[in-house]
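The values are calculated or read from the model by the stated rules, or taken from the named source; none is laboratory data. Here the structure is a predicted model, which means the values were calculated and not measured. Reconstructed Cβ throughout: ideal geometry from the backbone, glycine too, with neighbour counts over all protein chains shown. Note: areas computed on protein heavy atoms with side chains; ligands, DNA, RNA excluded. Shrake-Rupley method; radii C 1.70, N 1.55, O 1.52, S 1.80 Å.
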Amino acid sequence: MSQLNFDDLFSVFQGEPSTVGAVVASEPAKMSAPKKMITSDNARREFIRVFGLTARYLRRWDVFCDFITLAASELDIATVRTADNIERSRKICARYEAADLENLHTLFGMLVCALQGKYQDFLGSVFMELDLGSDDMGQFFTPYTVQSLMAQMLITGTAETVSKEGWVSMSEPCCGAAGMVIAYAECMLNAGFNPSEQMFANCIDIDPVAADMAFIQLSLLGIPAEVVTGNTLTMKFSRVRYTPVYYIDNWEARFALRDKYKAMKQVLAMLGV
């Protein structure tokens with residue numbers, strides 16, 4: 001297993017009411033978990049503070065990328081125990097001193113606390129606050145308030161779709177950190193739906209870091225999603241990840257059953273039945 005584990009952190013939240021979905025980790029780690037009652041705003045401020053103190057001997061962009069890579073790897077239950085994943089995580093952790101590894105644990109704790117407190121694009125907002133965007137790539141994460149307004153306009157018709165299909169599907173061809181998906185899930189929740197069971201998101205981004213940010217947030221919020229790293233225009237993709245709730249709620253079987261049902265309807269229509 002990698003040297004950056006989050007089991008002790010996750011165990012803090014067991015049995016507590018929460019807006020987040022299931023989270024999956026691996027072996028116990030020797031670390032102190034954050035306080036349960038920390039607010040989302042305090043978590044953001046603490047994240048920014050600790051990040052500034054972490055591995056000052058490395059570039060800020062490199063530290064952020066390493067944190068995102070490690071967190072995403074730990075949440076990808078399909079590959080978390082593979083030799084390649086373990087070796088990649090080991091090489092990343094070898095670059096950091098012990099105190100900085102503890103800081104990376106703390107950063108993950110603040111991320112979990114923030115998303116437990118409310119739906120939001122936490123990673124997108126701290127990314128912009130830390131001024132990590134690339135001018136060459138035109139990276140800009142839309143403020144969550146704007147994404148919420150857009151989601152409210154899209155929520156119309158959701159009840160009819162869920163009634164017919166069982167769930168609503170959402171496609172984000174340039175997802176960033178998945179803020180729009182999160183905003184839509186929040187609108188569904190406010191409308192009385194369960195986004196963990198009644199929505200599915202397909203997310204694509206050409207930037208591996210952005211795709212990992214989306215995967216992390218959707219995983220911790222319990223939103224079923226397929227997160228793809230690749231180019232939507234050229235249809236060239238390098239990696240596909242599914243959030244933990246995709247496996248937990250057996251979405252593969254749900255899709256297979258839906259496809260069989262649609263195929264049967266087409267056959268009956270051809271027969272004039």
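Just for the range 28-70: of the residues that are at pLDDT below 95 and of a type in the set (S, T, Y), which one is least open to solvent (accessible area, probe 1.4 Å)?
Applying the filter and picking the extreme gives S40.
Quick check on E172: is it in contact with a strand residue (DSSP E or B) (Cβ under 7 Å, 6 or more places away or on another chain), open to solvent by less than 80 Å² (accessible area, probe 1.4 Å), under 20 Å from S125 (Cβ atoms) and not aliphatic (A, V, I, L, M)?
For E172, the condition - in contact with a strand residue (DSSP E or B) (Cβ under 7 Å, 6 or more places away or on another chain), open to solvent by less than 80 Å² (accessible area, probe 1.4 Å), under 20 Å from S125 (Cβ atoms) and not aliphatic (A, V, I, L, M) - is met.
Find all pairs meeting these conditions: Cβ atoms under 7 angstrom apart; at least six residues apart or on different chains; first residue within the range 46-71 and at positive phi; second residue open to solvent by 20 Å² or more (accessible area, probe 1.4 Å) and not in a helix (DSSP H, G or I).
No pair meets every condition.
Which residue, of R239, R254, is open to solvent by 50 Å² or more (accessible area, probe 1.4 Å), assigned to a strand (DSSP E or B) and either more than 20 Å from A114 (Cα to Cα) or of a type outside the set (V, I, T) (or both)?
That would be R239, the only listed residue that is open to solvent by 50 Å² or more (accessible area, probe 1.4 Å), assigned to a strand (DSSP E or B) and either more than 20 Å from A114 (Cα to Cα) or of a type outside the set (V, I, T) (or both).
Can you pull out every residue in the range 79-98 that is part of a loop (DSSP other than H, G, I, E, B) and either closer than 23 Å to L53 by Cβ or open to solvent by less than 50 Å² (accessible area, probe 1.4 Å) (or both)?
T79, V80, A94, R95, Y96, E97, listed by residue number.
Can you tell which of Q147, Q139 is under 23 Å from T234 (Cβ atoms), at pLDDT below 95 and touching a Phe, Trp or Tyr at 6+ places or on another chain (Cβ under 9 Å)?
Q139
Restricting the first residue to the range 134-149 and requiring it to be farther than 9 Å from G179 by Cα, which pairs with a second residue that is at pLDDT 75 or above and assigned to a loop (DSSP other than H, G, I, E, B) meet a Cβ separation below 7 Å and a spacing of at least six or different chains?
M137/D207
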